[in-house]
Amino acid sequence: MKKLAGLFLLALMTACTHPKTQQDLSIGKQLSFQRNKGNCLACHVIDDGEAPGNIGPALQHIQTRFTTKEELKALIWDATQFNPQTSMPPFGKNKILTPDEVDHVVDYIWSLNR
Amino acid sequence: MKSFCLFIYLIISSSLAWADPEQDRKQILDFYQQIFPQLPLADYAQGVYAIDSDAKKSWQAIEEFPPYEFALEEGKELFNRPFNNGARYADCFPNKGIAIAQNYPYWDEQKQSIITLASAINACRLQNQAPALPYAQGEITKILAYMAFTSRGQLINTIIPEHSQQALSAYEQGKAYFYRRRGQLNFSCASCHVDNAGKFIRSEILSPALGHTTHWPAYRLNTGEMGTLHRRFMDCNKLIRAPIDAAQSPALRQLEFFLSYMANGLALNGPSTRK
C-alpha cells in the first residue's frame, strides 16, 4: 500500500513538473509546422523543422524572451497590438487557428528552451 | 486680405495633398539600394533571380529551351491572323503592335481609365466584332507573349500625364492598394516584397517589388501554363486569404499602373519562366 502511494505521489509530481506530455506537445508542433495551419516555419527557425524561413527570429530560449506563457499567447493571438508594422499574422484574432489550436501552439512554442 | 489668405492656404494644402509619384519612385529605389547595395538597377528586371543566384542558374538553363516557346509561336500566328472583317491586331496599335509593350499601361484621358496591354487587345477584338478573351490565362497569354517578345529590351515608359488629377488619383489608388493590409493573414503586397524582400519564406526568397512588371506573361513551372501578371496578383491574394480582385478589375489595373511607374526605365524581358 505504501509502495502504491509512493508511486501515486511520483506520478503526481511528474504530472505537475511536466504539465504537458510529449504527446500534447506533438499536436502543437504539428500545428506549428503545417502550411495550412500555423505555418510558423515559413518565417521562423524551429527545432528540427526543415527549410525554415528567416523573416522572424529563431524560436529558441523562449522562456527567457517572455516572462509568462500568457505574454507569448497574446503575441501569437494578435502581434499587431504590440507592433502595428509587424509581418506576423494575427493567428487568434483573424481565426487562422481556433482558440484550442492556439493553446496547443503556445504550449509547444513555450517548450522551446534550447 | 481674407481672400489672399485663403489663396495661400489653398496653395499650401493642395501642394501637401499633391502626390509625387517621382518622389515615391526615388524613395523605393533608395530603399532597395540600401538592402541590395551590390545590385545594379538594371538587374531588377530579372525579378527574384536578381537576388537568388542558385535559382538564377536553373532559370538561365531553362531559358535555353524556354517552355513558353510554343505559346510564343502560337501567339505570333494569332497576332497576324485577320479577324472576320479582314482587320488585324496590327491595325489597332501604334507601330503595328511591334515593340510597344513598354508604353503600357497608360492613362487614357478620354476614357478616364488605365489602358493595359491586355485590355487593349480585348478592345481591339471588340472593335472588330471578335469576342473578348478571358484575362487570366489561355489565348490572351499567347498574344501577350508575342507582343512582349517584340518589346524585349525596350525600357518601361509609364507616364502619368501632367495636370490629370484623375490619372494621379488612379496612381494613388494603386499605391494605396500596394500598402494596404488585407485578408486573413493581414499582409499587404509591401509586407513581403518591400519589408521582407530578400528574406526566406520557407525555402523561397521574397522578390523585390521593383521589377515585378518586366517579364510577363510567364510560364509557371508549378502550373505548367502561361499566366498573366494579373493572374499572379490573383494568386497572391489567394495565398494571403484575401478577397480576389478579378484580372483587369480597376483595382488590379491601378496596382499595375503603380508598379509599372516604379519600374520606369527597366528593360522588358517577357515572356519569361517562373517557378
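The values are calculated or read from the model by the stated rules, or taken from the named source; none is laboratory data. Please read all numbers here as calculations on a predicted model, not as lab measurements. Quick reminder, even Gly has a Cβ in these numbers, built from the backbone with ideal geometry, and neighbours come from all protein chains shown.
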- Query: When A:K29 is evaluated against the numbered criteria (1) away from chain B (no Cβ under 14 Å); (2) at pLDDT 95 or above; (3) touching an Asp or Glu at 6+ places or on another chain (Cβ under 6 Å), which criterion, by number, is the only one it fails?
  - Reply: (3)
- Taking first residues from the range A:77-104 that are on the phi < 0 side of the Ramachandran plot and within 11 Å of another protein chain (Cβ to nearest Cβ) and second residues anywhere that are at pLDDT below 95 and assigned to a loop (DSSP other than H, G, I, E, B), the pairs with Cβ under 7 Å that are 6 or more apart or on different chains are none
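At pLDDT 95 or above and under 25 Å from B:G270 (Cα atoms): does that describe B:L168? Outline the logic, then answer.
Details: at pLDDT 95 or above: yes; under 25 Å from B:G270 (Cα atoms): no.
Against the criterion (at pLDDT 95 or above and under 25 Å from B:G270 (Cα atoms)), B:L168 does not qualify.
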- May I ask you to list pairs of residues, at least six apart or on different chains, whose Cβ atoms are under 8 Å apart, with the first in the range A:42-67 being more than 12 Å from chain B (Cβ to nearest Cβ) and the second being of a type in the set (K, R) and surrounded by fewer than 15 Cβ atoms within 10 Å (Cβ to Cβ)? A:Q60/A:R114; A:H61/A:R114
- Message: Which residue is farthest from B:L29 (Cα to Cα), if the candidates are limited to the range B:231-275 and must be in contact with a helix residue (DSSP H, G or I) (Cβ under 7 Å, 6 or more places away or on another chain) and among the acidic types (D, E)?
- Response: B:D245
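Can you pull out every residue in the range B:29-51 that is in a loop (DSSP other than H, G, I, E, B) and either surrounded by fewer than 17 Cβ atoms within 10 Å (Cβ to Cβ) or in contact (Cβ under 8 Å) with a residue 24 or more places away in the chain (or both)? Spell out how you get there, then give the answer.
At the first step, the residues of the range B:29-51 found to be in a loop (DSSP other than H, G, I, E, B) are B:36-40, B:51.
B:F36, B:P37, B:Q38, B:P40, B:I51, listed by residue number.
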- Item | Filter result (polar (S, T, N, Q), out of contact with any Phe, Trp or Tyr (no Cβ under 8 Å at 6 or more places or on another chain), at negative phi and within 11 Å of chain A (Cβ to nearest Cβ)) within the range B:154-197 | B:Q184, B:S191, B:N196
- Query: How many of the residues making up the range B:80-108 are farther than 22 Å from B:M262 by Cβ, under 21 Å from the mean Cα position of the chain (by Cα) and of a type in the set (D, E, K, R)?
  - Reply: 0
- Give the range A:90-113 a look and list any residue that's under 15 Å from A:Q23 (Cα atoms) and among the small types (G, A, S), or say none. A:S111
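Can you name the residue in the range B:198-223 that is within 12 Å of chain A (Cβ to nearest Cβ) and either of a type in the set (K, R) or under 19 Å from B:Y261 (Cα atoms) (or both) and is also surrounded by the fewest Cβ atoms within 10 Å (Cβ to Cβ) among such residues? Steps first, please.
Residues of the range B:198-223 that are within 12 Å of chain A (Cβ to nearest Cβ), as a first pass: B:198-206.
Applying the additional criterion that residues be either of a type in the set (K, R) or under 19 Å from B:Y261 (Cα atoms) (or both) yields B:199, B:202.
Details: B:K199: 17, B:R202: 15.
Once the filter is applied, the top-ranked residue is B:R202.
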